[in-house]
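Peer 1: Submitted below is the structure of interest, expressed as structure tokens.
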Amino acid sequence: MSTLKRPLFDPSIVRRAVWDSFAKLDPRHMVRNPVMFVVLIGSLLTTLVLARDIAAGQSGIGFTLQITLWLWFTVLFANFAEAMAEGRGKAQADTLRKSRIQTSAKRLANPRDRAAFESVPAERLRKGDVVVCTPGDMIPGDGEVIDGVASVDESAITGESAPVIRESGGDRSAVTGGTKVLSDFLVIRITANPGETFLDRMISLVEGARRQKTPNEIALIILLSGLTIIFLFAVVTLQPFAIYSGGSVSIPILVSLLVCLIPTTIGGLLSAIGIAGMDRMIQHNVIAMSGRAVEAAGDVNTLLLDKTGTVTLGNRQAVEFVPAPGVTREFLADRAQLASLPDETPEGRSIVVLAKQFGLRARTLTEGIAMELVAFSAMTRMSGINAGGLQVRKGAADAVGRWVRDQGGETPAEVTSTVERIAREGGTPLVVAEREDGRPRVLGVIYLKDVVKGGMKERFDQLRAMGIRTVMITGDNQLTAAAIAAEAGVDDFLAEATPEDKMSLIKREQGGGRLVAMTGDGTNDAPALAQADVAVAMNTGTQAAKEAGNLIDLDSNPTKLIEVVEIGKQLLITRGALTTFSIANDVAKYFAIIPAMFVATYPALQALNIMRLHSAQSAILASVIFNALIIIALIPLALRGVRWRPAPATAILRRNLWIYGVGGIIVPFAGIKLIDLLLVLARLV
Amino acid sequence: MTANGWLQILFFAGVVLAITKPVGVYIVRVYDGSLRWLAPLERVIYRLCGVDPEEDQHWTRYAAGLLLFSAVSMLVTYVALRLQGSLPLNPFTRVGVPDRQAFETAASFTTNTDWQSYAGETTMSYLSQMMQLAFHNFTSAACGVAAAVALARGIARRSGGKIGNFWVDLVRGTLYLFLPFSIPLALLFVQQGTIQNFAHYVTVTTVEGVKQVLAMGPVASQSAIKQLGTNGGGFFNANAAHPFESPTPWTNFLSVFAIFVIPAGLTYFYGRMVKNQKHGWALWAAMFVLFAGGVTTAYWAEARGNPIHAARGVDVVASAGNPGGNMEGKEVRFGIANSALYATVTTDASCGAVNSMHDSFTSIGGLVPLVNIQLGELIFGGVGSGLYGMIVMAVLTVFIAGLMVGRTPEYLGKKIQSREVRMAMLYVLIFPAVILTFTALSAVSPHGLAGRNNAGPHGLSEILYAFSSTAGNNGSAFAGLTGSTAYYNTLLGLATLFGRFAMMVPMLALAGFLSERKIAPESAGTFPVTTPLFVVLLLGVIVIVGALTFFPALALGPVVEHLLMGAGKLF
């Protein structure tokens, strides 16, 4: 997907949005938004009165005409706001659609025979079909790699130009339709029918085609509808009161008062705010599978953060060799390097690199005597080599200790205390041992250290101030986990975490009324992802993980969970700020319209005209115009979201209350007065 | 305004503050069942009524119980008033109350309104006063508190819709709260000289040589509960201005103080229930600010008097021998400060007892009681209804402003979503709908217009006040309106019923829904409901959502009247 930031008012989007604002006048669409539907009815009513006045040949219809026009503008401006928000998504969807070009697939009859394929159009592939892709081929649909390893260009989806590796088995086996194989080959079992693929889902999500209202949005609409009904009573009963007082109010003026009082500002911008919230996620390369997830992100109480990649830099690094008594540091370094040769993990490589500082150049596997590699296994939890009579092992302290003990040796007390010290300090101790000529001995300890990412402590402090608890999840033991947790500044940690532990932690938090957010990529994360309230699945993750998550991070960057929370909060703050602003506006509008309505009956009411508006007509017209223009003026705010900094609720509230509450009372006084002056200047009243 | 006047008002405020906690703690013990000294009596009542006191009722059952009890007791009162002539304890052979008036009176007392379109001393037999009206004074108050307690339970616990047992709350409220509080108060009244007898009316010759009939009756017992239960229905037509009901400054103080005792205590009770005492005090503070604003405005307006009088050379400045200000419709014994205080308190709380005639206040002085009622009777408010009204406003405040902290709104750990908002909106919607619709109808129909005592904006104020007072279950009158016509009896009676039950049921639904919600723990990210900022917000929502609805109507009533008074025109 295109990650390029669009300007807020992209001309092509604006053009489309203008047309859409008219198309959205369809009552079937308007009725979904009760506040604006009332404005629509009011506009129709006023138009009828205008038509009647024209037919009757009445003079002085200029005022009614202007009111009518501005009422229609109010409706159109609200539609325009929604269309603008949708337009940005639609433009992104168009970019995505381009990658869904017609392609043909090489379908295999027999998955084992890569040579015998038939070419079929991609749209005829069904779930369960097996295809082969060779360099240059577009992957025809979502699927699971069942054979082969290849580099894949996923830039069409993620915007990331560097190719990624996809291979069978493990957590990197999921491929997405519309991406391109660059090298080698992949045999893929298709897992989604055409029209149901990730790309299709993404397109419909960013387009907002199947956008459903979120729980908070529904509640807010109920509140706004309730207020609308209350003001409907206030305005409709005004006519009898006016008649009692010996006057009467014309329908256009009653409609004007109603439209000014009902919360049109928030009513008109509400859906734009929601769509823009999802859009902001997309700007961060996160796809929200539902608006509900974005909303829930703002509510999160507990963040579960995987240590690796989120709290710490991806990999641990060897920083020190601590020899056992009677062993030189150089000897330990040599043996450690030897034992790490088969270890392709970043940790393994960092040991080789550290050993080089002792003058040991990297050896290749073919050098010297034939070596037998002993790969790491979950059973032994060790790796190493066998070379003739020499066996070298490195691994977790208890595993290596057992290996030495089984051969009749023992771990020196100094080594044990070193292991404990390193663990306490948050490092990972790897014990190195050898057996030469049947004599086992422990050589010493490699100090692997986790490097905490820069700036994380400050972010966790901010989160804490916002009332969000951070829990670090790690497979490390208690001591190691505690030390890293302290260094990184997280609130809590879960050490030696199994998927079951993670699941029960989530359930415990939720049982206490908290909302939990987490990230995950592996298949074994899927149950926890499904349980969590906000679950960000990595795009590089397995299909199962992606299906269990309600947000997908195309950059596969676990740290982004924090940004997701911030976007969620921003969405809710924007909604609240504009609601407050909208309701606070009513004070000024009352002072403009009520004296204007009745000044003919009771000239004394002129005293309430504290803005000293020119005339009754100018006051009413200015209020209606202000009410319409404020919608347009706030579109950028609705689309971009209210600016905010992480802070405790009290501080955020105080700030927003000043801007949108107090500001909401003052701004319309100034705005209406200004419009009134302009109307007089332009001789429109 | 005088220092003496302010001192009396401050003394009143200080005493209300002082009793809030002890009364609150006592109410907690009433409703959590830990007070048991009347347990045998309770058991007998439950057995006789076939109530299982252990049952925890779903909100629908709770509401059904409350409605059933109210409907049956209202019907009994209606029949008893109609048949008054054939019933005992009727020394002056009062005849049956006319149909519509009996309906209105029954509705009005059942709903804790006590709007009276009759004069007690010339309409009601002693039996009707004591068995019917006083009965409702106890039970309607107990119903109100029960409903508030149920809401507090719904918020405080997670119980899947269960909010307590209505019958137990009703019985315990009456036995442990209203009876024990009323008896000493009635005795204090008697000690001060309030009459309490079954004597025949006394005919005396006044100093002017005119024969006057002095009404008698069991007044003290009646007036204690009508104040404590925020009922307000007077034994006499003159209500608390009558010297046989309130003979001394102390009875005046006690009677105005009694109005706030339970509503103030309930805020503390609520804080204790939801384990957030500071929030209870925040609600108290919001109520107090509105009270202080009201009493200051009313006192200022009344002490200032009518500028037109001043312009004609009437001395309106207070001095040792002259109360100054606007004394029309006020008891000379009580003066301006105590009348303004009484008028504010009785309309803050939905009491409606009066010691002066609000109709005779200056336009701004009269605006205060009217606005107090229209804010929703939540400034300490009616017993129970004040607290639940304020809680509904707090829920709306949290919902409107709560989003601004970046979380979906939570009130005391409970998420506020569409079901809750729907019920809260229904609650706040019914009130203006009833008042405005009925007032508008009356403002243009011949039946409605016939009842006015004054023309022009003051006449509109009279109608508006009547429907605000009845829908708000206040019961005080802007005395000018003649409410004893069939038209007004019917409409005002309906307004009391809508204003009570059509609001109570959504509120109980809200209680039920909230009790189904999980309780989220408080954190730094939670919308604060204990700070001065919250109090300001709450006041903002009450004023904007509550009062702005009535602004157009008020502008054409008291506001324009005030402006015209400035221009030298009176009504």
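The values are calculated or read from the model by the stated rules, or taken from the named source; none is laboratory data. These numbers were taken from a predicted model, which means no experiment stands behind them. Here the Cβ is made from the backbone with ideal geometry for all residues, glycine too, and neighbour counts use every protein chain on show. Please note that ligands, DNA and RNA were not included when accessible areas were found on the heavy atoms of the full protein model with its side chains. Shrake-Rupley method; radii C 1.70, N 1.55, O 1.52, S 1.80 Å.
Peer 1: How many residues, within region B:385-401, are small (G, A, S) and within 7 Å of chain A (Cβ to nearest Cβ)?
Peer 2: Total meeting the criteria: 1.
Peer 1: So, in region B:149-193, exactly how many residues are under 16 Å from B:T60 (Cα atoms) and among the basic types (K, R)?
Peer 2: Counting residues in region B:149-193 that are under 16 Å from B:T60 (Cα atoms) and among the basic types (K, R) gives 2.
Peer 1: Also, quick follow-up: Of the residues A:I266, A:I287, A:I282, which single one is part of a helix (DSSP H, G or I), away from every other protein chain (no Cβ under 12 Å) and of a type outside the set (D, E, K, R)?
Peer 2: A:I282
Peer 1: Does B:V316 satisfy the criteria of being at negative phi and open to solvent by 20 Å² or more (accessible area, probe 1.4 Å)? Before you say what the answer is, go through the steps one by one.
Peer 2: Details: at negative phi: yes; open to solvent by 20 Å² or more (accessible area, probe 1.4 Å): yes.
Considered against the rule, which asks whether it is at negative phi and open to solvent by 20 Å² or more (accessible area, probe 1.4 Å), B:V316 comes out as yes.
Peer 1: Restricting attention to region B:517-571, and to residues there that are among the aromatic types (F, W, Y) and facing chain A (nearest Cβ under 7 Å), which single residue is nearest to A:S245 (Cα to Cα)?
Peer 2: B:F551
Peer 1: Are any residues in region B:117-138 within 14 Å of the chain's Cα centre (by Cα) and open to solvent by 10 Å² or more (accessible area, probe 1.4 Å), and if so, which ones?
Peer 2: Of everything in region B:117-138, just one residue is within 14 Å of the chain's Cα centre (by Cα) and open to solvent by 10 Å² or more (accessible area, probe 1.4 Å), namely B:F138.
Peer 1: Taking region A:69-108 as the region of interest, how many residues are in contact with a Pro (Cβ under 7 Å, 6 or more places away or on another chain) and crowded, with 24+ Cβ neighbours inside 10 Å?
Peer 2: 1
Peer 1: For region B:75-105, what are the residues that are of a type in the set (A, V, I, L, M, F, W, C), touching a residue at least 60 places away in the same chain (Cβ under 8 Å) and crowded, with 17+ Cβ neighbours inside 10 Å?
Peer 2: B:F103
Peer 1: Does region A:605-643 hold any residues that are of a type in the set (A, V, I, L, M, F, W, C) and either over 43 Å from the mean Cα position of the chain (by Cα) or open to solvent by 40 Å² or more (accessible area, probe 1.4 Å) (or both), and which are they?
Peer 2: First, the residues of region A:605-643 that are of a type in the set (A, V, I, L, M, F, W, C): A:605, A:607-608, A:610-611, A:613, A:616, A:619-622, A:624-626, A:628-635, A:637-639, A:642.
A:L605, A:A607, A:L608, A:I610, A:M611, A:L613, A:A616, A:A619, A:I620, A:L629, A:I632, A:A633, listed by residue number.
Peer 1: Any residue in region B:47-63 that is among the β-branched types (V, I, T), open to solvent by less than 50 Å² (accessible area, probe 1.4 Å) and more than 30 Å from B:E516 (Cα to Cα)?
Peer 2: To start, the set of residues in region B:47-63 that are among the β-branched types (V, I, T) comprises B:51, B:60.
Now drop any that are not open to solvent by less than 50 Å² (accessible area, probe 1.4 Å), which leaves B:51.
Now narrow it down to the ones that are more than 30 Å from B:E516 (Cα to Cα): none.
Checked region B:47-63: no residue is among the β-branched types (V, I, T), open to solvent by less than 50 Å² (accessible area, probe 1.4 Å) and more than 30 Å from B:E516 (Cα to Cα).
Peer 1: Moving on. Filter region A:507-530 down to the residues that are over 28 Å from A:E167 (Cα atoms) and outside any loop (DSSP other than H, G, I, E, B), then identify the one that is nearest to the chain's Cα centre (by Cα).
Peer 2: In this case the residue turns out to be A:A517.
Peer 1: Consider A:V451 carefully, then state whether it is closer than 18 Å to A:L341 by Cα and at pLDDT below 85. Show your work before the answer.
Peer 2: Details: closer than 18 Å to A:L341 by Cα: no; at pLDDT below 85: yes.
No: the conditions fail for A:V451.
Peer 1: If you don't mind, there's one more thing I want to ask. Could you grab me the full set of residues in region B:411-445 that are open to solvent by 30 Å² or more (accessible area, probe 1.4 Å), under 24 Å from B:Y270 (Cβ atoms), at pLDDT below 95 and within 8 Å of chain A (Cβ to nearest Cβ)?
Peer 2: Listed by number, the list holds a single entry, B:Q417.
Peer 1: May I ask you to say which residue of A:I203, A:I243, A:I222 is on the phi < 0 side of the Ramachandran plot, more than 8 Å from every other protein chain (Cβ to nearest Cβ), in a helix (DSSP H, G or I) and not charged (D, E, K, R)? Talk me through it step by step, then tell me what you get.
Peer 2: Numbers: A:I243 fails: more than 8 Å from every other protein chain (Cβ to nearest Cβ); A:I222 fails: more than 8 Å from every other protein chain (Cβ to nearest Cβ).
Selected residue: A:I203, the only one of A:I203, A:I243, A:I222 that is on the phi < 0 side of the Ramachandran plot, more than 8 Å from every other protein chain (Cβ to nearest Cβ), in a helix (DSSP H, G or I) and not charged (D, E, K, R).
Peer 1: So A:D553 fits all but one of (1) acidic (D, E); (2) open to solvent by less than 10 Å² (accessible area, probe 1.4 Å); (3) within 11 Å of chain B (Cβ to nearest Cβ); what number is the exception?
Peer 2: Against the list (1) acidic (D, E); (2) open to solvent by less than 10 Å² (accessible area, probe 1.4 Å); (3) within 11 Å of chain B (Cβ to nearest Cβ), A:D553 comes up short only on (3).
Peer 1: Can you name the residue in region A:575-604 that is more than 9 Å from every other protein chain (Cβ to nearest Cβ), under 31 Å from the mean Cα position of the chain (by Cα) and of a type outside the set (S, T, Y) and is also surrounded by the fewest Cβ atoms within 10 Å (Cβ to Cβ) among such residues?
Peer 2: Restricting to residues being more than 9 Å from every other protein chain (Cβ to nearest Cβ), under 31 Å from the mean Cα position of the chain (by Cα) and of a type outside the set (S, T, Y), the top hit is A:F581.
Peer 1: I would also like to ask the following. Go through the residues of region A:652-664 one by one and say whether even a single one is farther than 26 Å from B:H562 by Cα and more than 11 Å from chain B (Cβ to nearest Cβ).
Peer 2: Checking region A:652-664: at least one residue is farther than 26 Å from B:H562 by Cα and more than 11 Å from chain B (Cβ to nearest Cβ).
Peer 1: Which numbered condition in (1) of a type in the set (V, I, T); (2) open to solvent by 10 Å² or more (accessible area, probe 1.4 Å); (3) more than 16 Å from B:G173 (Cβ to Cβ) is the only one that B:T113 fails?
Peer 2: (2)
Peer 1: Within region A:185-198, is there a residue that is part of a helix (DSSP H, G or I) and surrounded by 18 or more Cβ atoms within 10 Å (Cβ to Cβ)?
Peer 2: Yes, region A:185-198 contains at least one residue that is part of a helix (DSSP H, G or I) and surrounded by 18 or more Cβ atoms within 10 Å (Cβ to Cβ).
Peer 1: Now, a different point. Suppose the filter is hydrophobic (A, V, I, L, M, F, W, C) and modelled with pLDDT under 85; does A:A485 pass it?
Peer 2: No; evaluated as a whole, the condition is false for this residue.
Peer 1: Taking only region A:423-481 into account, find how many residues are charged (D, E, K, R) and in contact (Cβ under 8 Å) with a residue 60 or more places away in the chain.
Peer 2: Adding up the residues that qualify gives 8.
Peer 1: If I filter region A:427-440 for residues that are touching a Phe, Trp or Tyr at 6+ places or on another chain (Cβ under 9 Å), surrounded by 15 or more Cβ atoms within 10 Å (Cβ to Cβ), assigned to a loop (DSSP other than H, G, I, E, B) and modelled with pLDDT under 85, do I get at least one hit?
Peer 2: Yes - at least one qualifying residue is present in region A:427-440.
Peer 1: OK, next. Out of the residues in region B:491-516 meeting the condition of being in contact with a helix residue (DSSP H, G or I) (Cβ under 7 Å, 6 or more places away or on another chain) and of a type outside the set (A, V, I, L, M, F, W, C), tell me which one is nearest to the other protein chains (Cβ to nearest Cβ). If you could, list the steps in order and put the result at the bottom.
Peer 2: First pass over region B:491-516, keeping only residues in contact with a helix residue (DSSP H, G or I) (Cβ under 7 Å, 6 or more places away or on another chain): B:491-493, B:495-499, B:501-515.
From what's left, of a type outside the set (A, V, I, L, M, F, W, C): B:493, B:496, B:499, B:506, B:512, B:515.
Working: B:G493: 20, B:T496: 19, B:G499: 15, B:P506: 11, B:G512: 17, B:S515: 14 Å.
Step by step, filter region B:491-516, then rank; the result is B:P506.
Peer 1: Moving on. Looking at B:N473, B:N453, can you tell me which residue is away from chain A (no Cβ under 14 Å) and under 23 Å from A:G247 (Cβ atoms)?
Peer 2: Answer to the selection: B:N453.
Peer 1: Then there's this: So, restricting to helices (runs of 4 or more DSSP H) that lie completely within region B:1-94, which ones have at least 3 residues that are more than 27 Å from B:T111 (Cβ to Cβ) and of a type outside the set (V, I, T)?
Peer 2: B:3-31, B:39-49
Peer 1: Please find, among A:V534, A:V516, the residue that is within 14 Å of another protein chain (Cβ to nearest Cβ), touching a Gly at 6+ places or on another chain (Cβ under 9 Å) and open to solvent by less than 10 Å² (accessible area, probe 1.4 Å).
Peer 2: From the options A:V534, A:V516, the qualifying one is A:V534.
Peer 1: Select from region B:541-555 the residues that are in contact (Cβ under 8 Å) with a residue 24 or more places away in the chain and within 17 Å of A:T579 (Cα to Cα) and list them in ascending order.
Peer 2: B:V541, B:I542, B:V543, B:V545, B:G546 - these are the residues of region B:541-555 that are in contact (Cβ under 8 Å) with a residue 24 or more places away in the chain and within 17 Å of A:T579 (Cα to Cα).
Peer 1: If you don't mind, there's one more thing I want to ask. Take the residues in region A:312-330 that are within 49 Å of the chain's Cα centre (by Cα), of a type in the set (A, V, I, L, M, F, W, C) and at pLDDT 85 or above; name whichever of them is most open to solvent (accessible area, probe 1.4 Å).
Peer 2: Once the filter is applied, the top-ranked residue is A:V319.
Peer 1: Which of the residues belonging to region B:325-357 are assigned to a loop (DSSP other than H, G, I, E, B), open to solvent by less than 10 Å² (accessible area, probe 1.4 Å) and among the acidic types (D, E)?
Peer 2: Those that are assigned to a loop (DSSP other than H, G, I, E, B), open to solvent by less than 10 Å² (accessible area, probe 1.4 Å) and among the acidic types (D, E): none in region B:325-357.
Peer 1: Kindly provide the set of residues from region B:474-511 that are open to solvent by less than 20 Å² (accessible area, probe 1.4 Å) and in contact with a His (Cβ under 7 Å, 6 or more places away or on another chain), ordered by number.
Peer 2: B:S476, B:F478
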